[in-house]
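A short reminder: the numbers here are calculations on the coordinates, not readings from a lab. Computed from a predicted model, the values in this text were never measured in an experiment. Cβ: placed from backbone, ideal geometry, glycine included. Neighbour counts: every protein chain shown.
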Amino acid sequence: MNQQTHTASRARHTPLVPPGQLPRLRLRLEDQRRFRLDQIDELAAKAAEAALIADEARWQVNRALTVAAEWALGDINTALSRLEHGTYGICERCTEPIQLERLTVLPMSRLCVACQYRDARLARSGVTPPSLSD
């Protein structure tokens, strides 16, 4: 591989996140992780209470909220793992950097705006976007 190609390839995989911003983003992710863990504990207690009094509707609502919180927690844990492995801030679909503004708003973002938009548009049209492992 010639030097120009190698430099372009390396630049393509370099996140736009300035190193000084990483501790702040890590803190936000850790705060969100604690919030989700507390939320899951709270929902488990409410679900147990609903089961005890045989309130099926309330149990189902708590179960749906728990699944959503667990999903969010998974995204947060994945983002923390990407931070540890040096891949945080790189789109998992196109490998382009994710803009700092997006990460500031959604620190667990796995996709850049363009890929997120593309996946959402495909989903609205009934087409399943390819999995990130493809």
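Using θ = phi - 60° and the Karplus relation 6.51 cos²θ - 1.76 cosθ + 1.60, list the HN-Hα couplings for the stretch 99-108 in order, rounded to whole Hz, with x at every Gly or Pro.
4, 4, 4, 5, 5, 5, 7, 10, x, 8
I need the peptides 46-55, 84-93, 107-116 ranked by packing, meaning the mean over residues of other C-beta atoms within 10 angstrom, with the highest value on top.
107-116, 84-93, 46-55
I'd like the Karplus ³J(HN,Hα) series for the stretch 71-80: coefficients 6.51, -1.76, 1.60, θ = phi - 60°, whole numbers in Hz, and an x wherever there's a Gly or Pro.
Taking θ as phi minus 60°, the curve returns 4, 4, 4, x, 4, 5, 4, 5, 5, 4 Hz for the stretch 71-80.
How big is the stretch 10-134 along each principal axis, measuring the range of its Cα positions in Å and listing the largest first?
Largest first, the stretch 10-134 extends 59, 38, 22 Å along its Cα principal axes.
If amide hydrogens are placed 1.01 Å from N in the peptide plane, which non-local residues have theirs closer than 5 Å to the one on I90?
Placed amide hydrogens put I98 under 5 Å from I90.
Along the stretch 81-90, what does the Karplus equation 6.51 cos²θ - 1.76 cosθ + 1.60 (θ = phi - 60°) give for ³J(HN,Hα), rounded to whole Hz, x for Gly and Pro?
Result, rounded to whole Hz: 5, 5, 4, 5, 8, x, 10, 5, x, 10.
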